[in-house]
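Here is the structure we will look at, set down as structure tokens.
The values are calculated or read from the model by the stated rules, or taken from the named source; none is laboratory data. Quick caveat: nothing in here was measured; it's all calculated off a predicted structure. When we count neighbours, we look across all protein chains shown, and the Cβ atoms used for this are built from the backbone with ideal geometry, even at glycine.
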Amino acid sequence: MTAATPVARLKQVRKSATTALKKAVDRVAFTATPPGMIPKVRRPDFEYAKDMPMWWWDNDPVRTLLLAALSSSFPPGERFFIDSVRHYQDRITDPELQKAVRGFIGQEAHHSREHEQLNGFLQERGIDLARLEKEIAGFMNVLRKNLSPERQLAHTVAVEHFTALMAEEFLLKYDALETMDPRMAPIWAWHAIEESEHKAVAFDVYKAIGGSEFVRVTEMMAVSVLFPLFSTIHLVQLMKEAGELGNLKAWAGAANYMFGTPGVFRKLLPSYFKYYSPTFHPWNHDARDLVEKAKKKWLGDWA
Ligand SMILES: [Fe+2]
Ligand SMILES: [Fe+2]
């Protein structure tokens, strides 16, 4: 066996370096929002059929009521997100980011309107979302009164990371939408798509106003306790009210879905932890292919 010549070795080194660089670029798709990424405001108007099954997600009370609990949090939560971003709107000088903020506000405002309708529909079927909505609105008011505007925006940035993860890695990546009643799936598809589209707007505003890393990270820690805690408490309450609390088969099935196979929550943990990196940017994870596919499938003419 002959030793490699210096030229051959150099070629080998260059090849390895190129491969490593390519892998790094693939892993970190973007360190900033891609140019022209302005959230598009769509104004669909969903209707809900009276004969829709009670457990419209895969005939499963746990998953259906988990989404119902989340739906109750959207109107008060999204109002808070809009206000926390709007507070700094005058300080944004970048015209692209100004446009993105207008798109973000338009999208979130319309999500709230549509989820109010959905919540009304579920309320009529005996799922008491009005009480949850009132409770969450009260909690958001406590945050408004007690947190600085910077921390309120950091709160929005943290929850937006959660919603983007849920949209991309929970609703769009697996067969969640396909296993829902086809008359219920479109609102969740639309909301998930738009959450992915505007996932970096609050973050970019936070960076533009010089928001602190300490506040960003510590607020995520607080959100990471509060968000799952509230969601679990509300889910248990709704299951109890529906007379399904002792439905062990449903609890086991949902636990397996979240943490076993496919294990959607378990699998999104690595993406969640990336938030704590000082180099984190929501577009480090580029889900545009997934979103484009979902737009074609679920949004039709108003994609
Ligand atoms: Fe939203
Ligand atoms: Fe959002």
| task | Select, from R151, R216, the only residue that is buried (at least 16 other Cβ atoms within 10 Å of the Cβ), more than 16 Å from ligand 1 (Cβ to nearest atom) and more than 27 Å from K267 (Cα to Cα). | result | R151
| task | Considering only residues that are within 13 Å of ligand 2 (Cβ to nearest atom) and charged (D, E, K, R), look in the stretch 122-168 and name the one that is farthest from P39 (Cα to Cα). | result | E168
| field | Which listed residue, of E114, E124, E135, is without any contact (Cβ under 8 Å) to a residue 60 or more places away in the chain and touching a His at 6+ places or on another chain (Cβ under 9 Å) | value | E135
| note | Log entry, pairs with first residue in the stretch 148-167 being in contact (Cβ under 8 Å) with a residue 60 or more places away in the chain and closer than 15 Å to S73 by Cα, second being more than 12 Å from ligand 2 (Cβ to nearest atom) and not in a helix (DSSP H, G or I), beta carbons closer than 8 Å, six or more apart or on different chains, reads H155/L147
| request: Grab the helices (runs of 4 or more DSSP H) fully contained in the stretch 205-303, keeping just those with 1 or more residues being within 25 Å of L122 (Cα to Cα), polar (S, T, N, Q) and without any contact (Cβ under 8 Å) to a residue 24 or more places away in the chain. | output: 213-241
| task | Evaluate the stretch 247-256: report whether one residue or more is at pLDDT below 90 and either farther than 20 Å from L171 by Cβ or not hydroxyl-bearing (S, T, Y) (or both). | result | no
